Each structure stands twice: as structure tokens, then as C-alpha cells.
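*Asks:* Take a look at this one; I'll ask things after.
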Ligand code: B12
Ligand code: SF4
């Protein structure tokens, strides 16, 4: 029987994490594994950070257990570690085929196939393609033919890169089996009380919009006349409620992290699903990405209130992106600032809502003044949290800067990270951008820090946990500064790498 390992390579971890070194289970692997298993393939998920497995140990595991296929699908900031894993796996189990997929590898296929140990790349939605590939690999060498499998890239026997036609998205998502939650240990994930007992879940794939900085709508899109168009699909309310029930009752999860790019696109669905959860008593905390213009629509019909009723703590993340409508237009955003103001006005009416406004900074004509104005503007919306996110040159998006060679060359000094982004700004440097992000984030967050919130009882556990993370991050930074500046000890640049929560540290188990 073909043995498939889905592996997340060892990675540096955020200084903000608590006892867990991995934030959230990889939903992609859970979903892929469920499909493979349903088709009688042997599948294992190894999340090195979650299980605290370092480079030497993962080599031993691969050498000892000899999988036939290893699948990797890292996010961009960790992509070079996935490639290190591919190289290591080829040495440890030379017969093993390495397949890469996901948002990053899908769009750097030429570089990957030329410069790394990856054998095949799966582009876009993975379940059907991966299954077909795994079955094909099971055939003996003379009968193998990958050319009929849609949505892949590989090298033929003459070394030419073959690109097969686009894999069309799965239309009925209810056909997917329930993600293979039993293949991971949920206890290995989360951050403190904020994401305690957290489970990733999705009810939809794709989007109806096509924002220029976003890869999601393309990744899960459909091909028409050689163009990629958005293609939104959703599971039924019934099926999604079934997943919620499994997570809450069987696995005792408390928080659902909704992975949908925009959760609230279909008003009828929102209503039907929320009502079902209320009826079935399936209440939990939610983290959720909402499209701002659709919140007023759902408020008018009473649907938004139902969504609040169906959840405990409701953590809403809104991509406000920019302050000026002209800039929103340039990013091909579907809404304007009036929509955003209307959305926050509604969010503030509900005490269980903890609302985060995300802005994109580092657009080509960024200035300090513009970032300052964003933070002044945000006071009008009065969100509970603010994220100033640097625009990333993600491969496959309009802002892609051809960075993939930096990842695939795995050069320790020049790997792709979110600090040296490659998007050139006319008026400020990357270093200034980082400084302004720190300065203006502090301007927003500092007035929110109150000691009584840290120790006393208050409404939002989220607020308290955020403060704790801030304190941990500052402690980690001061420690590094003392080491470097006072004791003259080496502190790798990597320590300041901008992953999701700012600072990354090398965990003790990393090299073991
Ligand atoms: C959860 C999540 C996170 C979590 C990460 C959790 C963790 N690692 O523990 C957090 C919140 C920390 C996070 C952070 C960031 N994220 Co994020 N995140 C997501 C989110 C919401 C869900 C991912 C998911 O599980 N999807 C559901 C699964 C089923 O889909 P999937 O992963 O795409 O997998 C399918 C296919 O891609 C493919 N596939 C995937 N892996 C593999 C592997 C193999 C072998 C195969 C064959 C196929 C395959 O098959 C799967 C099934 O069809 C997505 C949006 C989204 N809806 O996907 C954004 C998204 C991935 N994030 C994005 C971004 C920009 C970021 C940030 C850079 C934001 C920022 N500015 O700080 C950071 C940094 C991330 C990093 N370090 O690289 C972008 C794209 C990033 C990229 N190109 O790598 C996305 C698409 C959001 C968007 N709309 O643009 N993120
Ligand atoms: S609305 Fe969100 S998910 Fe949809 S295209 Fe825009 S950024 Fe991507």
C-alpha cells in the first residue's frame, strides 16, 4: 500500500507562543489526508513544530519508515524550510517522491522543479489532484503517465517542465470527507487562552471578489478563456454544522478558526447555518474574516444578530486595507470607506464582538504621513485591535516580484521573508516601513494597555491575552538586545524575522 507522509518541516516559532510551538493544525493536510485515506492509502501527518521534532529526528523518521510520497505545503515565510526537508528526504529515502502544493509552491513551480528536490507540484485545490497522483505513482514505472492528470507541474524524462491544464474546482464541497482530525493531537496547538482548544474549519472555498494582493481567489478559481476567474463554493449548512458538532463534542474544541477568505458572502447561508447552530446548541468562540460591505446587509435582515447568537466570543477580522477609496479601488477591493464605517458601527453594538481592523501598508507610494493618517483614521472606527500588515509580494498575485528564486536557492542570507520584501516603495525604505509599523502600532495599542485588564476580571479574554503576548515579545526582544549589545553574543538575524507575530525564535528542539 502506498505510504504517504504529509510533513510540516521544523520551523522557527513566534516568541509570543505559549507552551505550544505550533499555532494551528494544518487544515490542508487534514483535508488531503481524509481523501487519501478514504481511498485506502496509508497516510500520516507529521507537524514537526507541533510534535517538537527537529531536523535530525525527522531524518531518522523518514529513513526508518520510508514513505513512498512526502507532501509539503508550507506558507511563504516557511517555504525554504520545506525545501530543506525535501532535500533531506531525498537523501534519507531516495525512492520517495516529493510533492509540493499550497499557496506558495503552486506559484513558483519553475524554480522549484529546476532548483529543488521537489518532483511534482500540485497547483490550486489539492484533494482530487493529489489522489490521482498517488494512484498513478502506485503503478510500475513503465505504466506511469502523469500527463493526463490536471493541475500539476513536473519534469519529463528529458528534463522539460510539463504543465498540465487547470484542475477545475470541486463544485460540491459536501463530497469531501470530514477532515482527518484524528491524525493530529489538538493538545499540541494553540496559544495560551486566546487560542486554547482551537480548530481550523472552513465552509467555503474561493471568493466572489478578486483583490489584487490576494492569491486566494485565483488559487481556488476557475479558468475561462485562458483567464482565471473567482469561483466561490460553500458546503451546505447541514454538513458544516456536522463538522462543528464533531469538533465541539468529540474533540472538545472551544474556538473555531474559520479559514474562509470571506466567511459572510452568502446571506442565506449565514442565516440558515447560524439558526442551525442555535437550534442544536453548538456554541463556541469564533475567529472569522468578514467582508465589511456584507455586515450591514446581514444586520438589516437580522442575520448578523443570529451569527452573534450562534457564537460565544465573536472575533471579527475586517480587511479595511487603506484609508482612501482611490487606494481601495487600486487594490480592486469591493467596498469603500462608507461600507467600512457602517460595518464597524454595527460591530460595536454587540458586546461579544472583538473587532480587528487590518490595514495594508508598504504600497508603492507609501509615506510616513499616510501611515500616520491610517492610525488617526482608525480611531474613528474604534476597533478593539489593529494590524498594520506589510503588502507582501506573494507569488501569483499582481504584486509578485519574482521572489521564488530566493526561496528555492535556500540561501540563508537571502531567503524570502517579510522584511526584505522586494516591493520597492518610492519614498521610504523597508527599514523605515518597519520602524513606522512599530511606531504607529504602539500609538494604537499603548492607550489600550491597562494593568487592571491584565490582572482583573474584564469582558474580553482576547484583550488580556493580547497584552500578555505583547509583554512576552518585549521580553524576548530585550533578552536578545542584552545578548547582542552588552554580552557581544551572536543573535541571528532570523530572530527578528517577521512571521505572523513579529519575532521568531529558534526552539531548543530545532536541530535535534
Ligand atoms: C490559517 C491561515 C493563517 C494562519 C496560519 C496558521 C498556521 N500555520 O498554523 C495565520 C493566521 C497565522 C496566518 C498568517 C499569515 N497569513 Co494566512 N491564512 C490562513 C488561511 C485563513 C487559512 C489556510 C487554510 O487552512 N486554508 C484551508 C485549506 C484547506 O486550504 P489550503 O491551505 O489552500 O490547502 C489546499 C490547497 O492549497 C492545496 N494544498 C495545500 N497544501 C498542500 C500540500 C500538498 C502536498 C498538496 C498536494 C496540496 C496542498 O490543497 C489543499 C486542499 O485543497 C488562509 C486563507 C484561506 N482560506 O486559505 C490565509 C492565507 C494563506 N494567509 C495569507 C497571508 C498573506 C498570511 C500572512 C502573510 C499575513 C500577514 N501579512 O502577516 C501571515 C504569514 C503567514 C506565513 N508565515 O507565511 C494569504 C496567502 C499567503 C501565502 N501566499 O503564503 C492567505 C491565502 C490569505 C489571503 N486571502 O491572501 N495565516
Ligand atoms: S475579499 Fe478577501 S478573500 Fe476575497 S479576494 Fe479580497 S482579500 Fe481575497
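*Asks:* Let me have the 222 nm mean residue ellipticity of the chain computed from DSSP H runs of 4+ only, each contributing -39500 (n - 2.57), with the sum over all residues rounded to the nearest 500.
*Replies:* So the calculated ellipticity at 222 nm is -10500 deg cm²/dmol.
*Asks:* Quick one: of the DSSP bridges fully inside the chain, what percent are antiparallel, nearest 5?
*Replies:* Beta bridges within the chain, antiparallel portion: roughly 25 percent.
*Asks:* Considering Cα pairs under 8 angstrom that are at least six residues apart, work out the relative contact order of the stretch 108-250 and quote it in whole percent.
*Replies:* For the stretch 108-250, the relative contact order is 18 percent.
*Asks:* Under the rule a/c < 1.5 gives rounded, and otherwise a/b versus b/c splits prolate from oblate, where does the stretch 48-123 land using the Cα gyration tensor?
*Replies:* Taking the square roots of the gyration eigenvalues as a ≥ b ≥ c, the stretch 48-123 is oblate.
*Asks:* For residue 438 and residue 348, what is the calculated FRET efficiency with R₀ set at 22 Å and r taken between the beta-carbons, to the nearest 0.05?
*Replies:* 0.20
*Asks:* Sticking with the crude label model, points 7 Å out along Cα→Cβ, report the distance from residue 139 to residue 236 in nm, one decimal please.
*Replies:* 3.6
*Asks:* Here's something else I'd like to know. Using per-residue counts of other Cβ atoms within 10 Å, averaged over each peptide, order 185-191, 157-163 from highest down.
*Replies:* Averaged packing, sorted descending, gives the order 185-191, 157-163.
*Asks:* How far is it, in nm, from the label point at residue 398 to the one at residue 305 when both lie 7 Å from their Cα along the line to the Cβ?
*Replies:* Computed distance between label sites residue 398 and residue 305 equals 3.9 nm.
*Asks:* For the ranges 246-259, 129-142, 88-101, what's the packing order if you count other beta-carbon atoms within 10 Å of each residue, average per peptide, and put the highest first?
*Replies:* 88-101, 246-259, 129-142
*Asks:* What spacing in nm lies between the two simple spin-label points modelled at residue 380 and residue 482, each 7 Å away from Cα in the Cβ direction?
*Replies:* Calculated label separation equals 4.5 nm.
*Asks:* In whole Å, how far is the Cα centre of the stretch 84-162 from that of the stretch 248-270?
*Replies:* Here the two parts' Cα centres lie 32 Å apart.
*Asks:* Where a ≥ b ≥ c are the square roots of the eigenvalues of the C-alpha gyration tensor, would you call the stretch 263-351 rounded, which needs a/c under 1.5, or, failing that, prolate if a/b is larger than b/c, or oblate?
*Replies:* It is prolate, given that a/c is not under 1.5 and a/b is the larger ratio.
*Asks:* Calculate the FRET efficiency for residue 115 and residue 38 from the Cβ-Cβ distance with a Förster distance of 35 Å, rounded to the nearest 0.05.
*Replies:* 0.50
*Asks:* Largest first and in whole Å, give the semi-axes of the chain's equivalent ellipsoid, each being the square root of 5 times a Cα gyration tensor eigenvalue.
*Replies:* 35, 28, 24
*Asks:* Also, I was wondering about something else. Calculate, for residue 338 and residue 365, the FRET efficiency according to 1/(1 + (r/R0)^6) with r their C-beta to C-beta distance and R0 30 Å; round to the nearest 0.05.
*Replies:* Step by step, r from the Cβ atoms, then E = 0.80.
*Asks:* Work out how much length residue 65 to residue 268 would gain on full extension: take 0.36 nm times their residue separation and subtract the Cα-Cα distance, in nm to one decimal.
*Replies:* Result for the pair: 68.3 nm of gain on full extension.
Each value in this text was obtained by applying a stated rule to the coordinates, not by laboratory testing. The structure displayed is predicted, hence computed values, not measured ones. Glycine gets a Cβ as well: all are built from the backbone with ideal geometry, and neighbour counts include every protein chain shown.
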